[in-house]
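**Q** The structure that follows is given in the form of structure tokens.
The values are calculated or read from the model by the stated rules, or taken from the named source; none is laboratory data. Just so it is clear, the model here is predicted, and its values are computed rather than measured. Neighbour counts are summed over all protein chains in view; Cβ atoms, including those assigned to glycine, are modelled from backbone coordinates with ideal geometry.
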Amino acid sequence: MSRPEPNAPFHSARALAEALTGQADVDASGMEMARLVKMTAHLYDSVVVQGEGATEVSGPRLFLLGRLFIAEKQGNTEGLSPTHLSHWRKVSKNTISALLRGLEEQGLIQRTLDPVDKRVFRIRLTDAGREFVRSTAPQHVAYMNSLLADLTPPERAQLLELLGKLSRSLAARCGLPEHRHP
């Protein structure tokens, strides 16, 4: 096994795994998967922010608006709690609060106190938020689908199946319930 220079970057997960374990031919597929998933997620975010699918609302905020829109379509007129949204997105309450604050400043959502439990806020779309979702969703969905243009339909299906399986496996290891979008 060749030893890398002291401050040289590792050019592959395998080289890093070999250096960390001191073993040649070590299985580094777990490290490589983590690297590729993270890199792909960052690239996806960058492309969405810079691309034709970009709107004045960030991707995470757009997902929250979509979740609120779907809740309304399913008959939820009370709104959703920030805690519910935090669990749904699997992010901290601080992160959800920051996202919601931005949406509120843009006039797309409103916070109201829960009539039963005054310690809890309910988040609902405003008329402007509803209209924003209706007017931007078709373009956004089409743009997101276009990012998969280099994959054949069977490759897309296989990738989605495998990422779903990995996600469920990781959630189970963390003791989290299976994550399903409505």
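**Q** Tell me yes or no: at least one residue of the stretch 158-167 is touching a helix residue (DSSP H, G or I) at 6+ places or on another chain (Cβ under 7 Å), surrounded by 10 or more Cβ atoms within 10 Å (Cβ to Cβ) and assigned to a helix (DSSP H, G or I).
**A** no
**Q** Residue check, S2 against (1) of a type in the set (G, A, S); (2) modelled with pLDDT of 85 or more; (3) not in a helix (DSSP H, G or I), all met but one. Which one?
**A** For S2, the exception is condition (2).
**Q** Has the stretch 127-144 got any residue that is in contact with a helix residue (DSSP H, G or I) (Cβ under 9 Å, 6 or more places away or on another chain), modelled with pLDDT of 90 or more, within 24 Å of L100 (Cβ to Cβ) and among the small types (G, A, S)?
**A** For the stretch 127-144, residues in contact with a helix residue (DSSP H, G or I) (Cβ under 9 Å, 6 or more places away or on another chain), modelled with pLDDT of 90 or more, within 24 Å of L100 (Cβ to Cβ) and among the small types (G, A, S): present.
**Q** Something else now. Residues R122, R61, R35: which one is buried (at least 17 other Cβ atoms within 10 Å of the Cβ) and within 20 Å of the chain's Cα centre (by Cα)?
**A** Exactly one of R122, R61, R35 is buried (at least 17 other Cβ atoms within 10 Å of the Cβ) and within 20 Å of the chain's Cα centre (by Cα), namely R61.
**Q** Continuing with the same structure: Taking the stretch 128-150 only, how many residues are surrounded by 13 or more Cβ atoms within 10 Å (Cβ to Cβ) and not in a helix (DSSP H, G or I)?
**A** Residues in the stretch 128-150 being surrounded by 13 or more Cβ atoms within 10 Å (Cβ to Cβ) and not in a helix (DSSP H, G or I): 2 in total.
**Q** Taking the stretch 11-46, which residues are among the acidic types (D, E) and either modelled with pLDDT of 85 or more or in contact with a Leu (Cβ under 7 Å, 6 or more places away or on another chain) (or both)?
**A** Result: D27, E32.
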